[in-house]
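Since the structure comes first, as structure tokens, the remarks are kept for the end.
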Amino acid sequence: MSEFKQLVFSGVQPTGNLHLGNYLGALQRFVALQDTYECIYCVVDLHSLTATLVHDDLAEQTRAIAAAYLASGLDPKKNIIFNQSRVPQHAELAWIFNCVARIGWMNRMTQFKDKAGKDRENASLGLLAYPSLMAADILVYRATHVPVGEDQKQHLELARNIAQKFNNDFSEHIATHGYGVEMEVGEERVNGFFPLTEPLIEGPATRVMSLRDGTKKMSKSDPSDLSRINLMDDADTIARKIKKAKTDPEPLPGDVGGLEERPEAHNLVGIYAALAGTTVQEVIRDYGGRQFSEFKPALAELAVEKMAPINAEMRRISADPGYVDGVLREGGERAGAKAEETMKMVREIIGLLDN
Ligand code: AMP
Ligand code: TRP
């Protein structure tokens, strides 16, 4: 019996400006994978409705993320690049997954707890069901690998739980239709319709921290702009933010172990390693024992060297919204055809009348 075909899927929400954390944790990884895998990269506009339902610039923001994908080096011929809402099968499968997943699973999600805050009763149902739509994004293509930053790990575990429960609950129907695929789960070989997707959380910058506080994640929603480097920051701004980044008074340690308990130093070294395409060990080998007064200018120079061309390319691409819209439209057609193949089988497995 055949195995699942290896396929990468990932998505970014069109909310706010992208920052260095998004670039190093997600976009740069997406680009690295395009040579070895078939990849589908999505701008998850439906997800962004869970943050604010009414956006004045949702279409603009959607184009901006697509432009960032392209500017980072994703090839729209090689990969499928599109926005989620164009392919209604995502929402259709999400509904089915809402009936597979348990409320208790959703209630345990740390992102939900953080975002809902104290007044959980008043959070939108969409915010609670968010991971179910995310599972649908991935599984409507039966994708096997998902590159994301560390913060998405729990959501991907939930996607595996949903896939597993669907496979179990419908095992007989899946077998009747002959839609089962064999896969390895730990030591065992099992048969199911949806793959148990592997997270790809790799490299030295899976969790880029705030430049103002090494214990907080770099985030779009931090009120301080000095806490993050935005993809659209110019060279002077990048250099200034790195110069002002919080550090401790010690020089960089001589070995990697010395970065423990030093969150700001660890973060800057991780950023350097990810930008240079090397490891934390290598950076410590070169800069161990040096003062931040030496390391920061080197980091600023590297960040400007790597980010300035992306920034320029993003501006160039954004100047032609027709081009970006064309990429998303064509990507949407290709994605839609694949998603419909899966949904036809899902409808049959469930027994929905669909002829
Ligand atoms: P979001 O902006 O929340 O839609 O995130 C888009 C992608 O960027 C996801 O794969 C996140 O895991 C990743 N990401 C967001 N913030 C960071 C961060 N501070 N460090 C590393 N990856 C991040
Ligand atoms: N939840 C992800 C984030 O906030 C975005 C996302 C939605 C996603 N659907 C996805 C990521 C599917 C990977 C795969 O970053």
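The values are calculated or read from the model by the stated rules, or taken from the named source; none is laboratory data. Note that the structure is predicted; figures quoted are calculated from it, not measured. Cβ: placed from backbone, ideal geometry, glycine included. Neighbour counts: every protein chain shown. For the accessible areas, the whole protein counts, side chains as well, though only heavy atoms, and no ligand, DNA or RNA atoms are used. Shrake-Rupley method; radii C 1.70, N 1.55, O 1.52, S 1.80 Å.
Only Cα sites of region 134-256 enter the Debye sum here, all with the same form factor; the resulting log10 I(q)/I(0) across q = 0.14, 0.15, 0.19 1/Å is -0.75, -0.80, -1.04, listed in q order. Note on Glu282 and Asn107: the model spin-label points, each 7 Å out from Cα along the C-beta direction, lie 4.8 nm apart.
With kT/(6 pi eta Rh) evaluated at 37 °C and eta = 0.692 mPa s, and Rh the Kirkwood radius from Cα pairs, region 225-317 diffuses with a coefficient of 240 µm²/s according to Stokes-Einstein.
Of the Cα atoms belonging to the chain, the radius of gyration and Dmax stand at 21.4, 70 Å.
Compactness of region 297-355 is given as radius of gyration and Dmax, 21.1, 65 Å, from Cα positions. So what is the relative contact order for the chain, in percent, with contacts set as C-alpha pairs under 8 Å and at least six apart? Here the relative contact order equals 23 percent. Accessible surface calculations at 1.4 Å, restricted to protein heavy atoms, place the chain at 48 Å² per residue. Glu157 contributes about 90 Å² of solvent-accessible surface, heavy atoms of the protein only, 1.4 Å probe. Treat region 15-86 as a sphere of radius equal to its Kirkwood radius over Cα pairs and apply Stokes-Einstein at 20 °C in a medium of 1.002 mPa s; give the translational diffusion coefficient in µm²/s, rounded to a whole number. Approximately 167 µm²/s, per Stokes-Einstein.
Across region 1-150, Cα-Cα distances exceeding 25 Å account for 30% of all pairs.
How about region 235-284: which GluC sites (Glu not before Pro) there lie in a loop by DSSP and see at most 10 other Cβ atoms within 10 Å? Hits after loop and neighbour filter: Glu260, Glu261.
Think of the chain as having a plus end and a minus end, set by charges on the Cβ of Lys, Arg, Asp and Glu; of Leu133, Leu156, Ser48, Ser48 sits farthest toward the positive end of this dipole. For region 250-272, backbone nitrogen atoms closer than 16 Å to the point 7 Å from Glu294 Cα along Cα-to-C-beta are found at 250-255, 269.
Using R0 = 30 Å, the C-beta based FRET efficiency linking Asp320 and Leu53 works out to 0.50.
Our helix-only sum for the chain, with -39,500 (n - 2.57) per DSSP H run of n ≥ 4 divided by its residues, gives a mean residue ellipticity at 222 nm of -15500 deg cm²/dmol.
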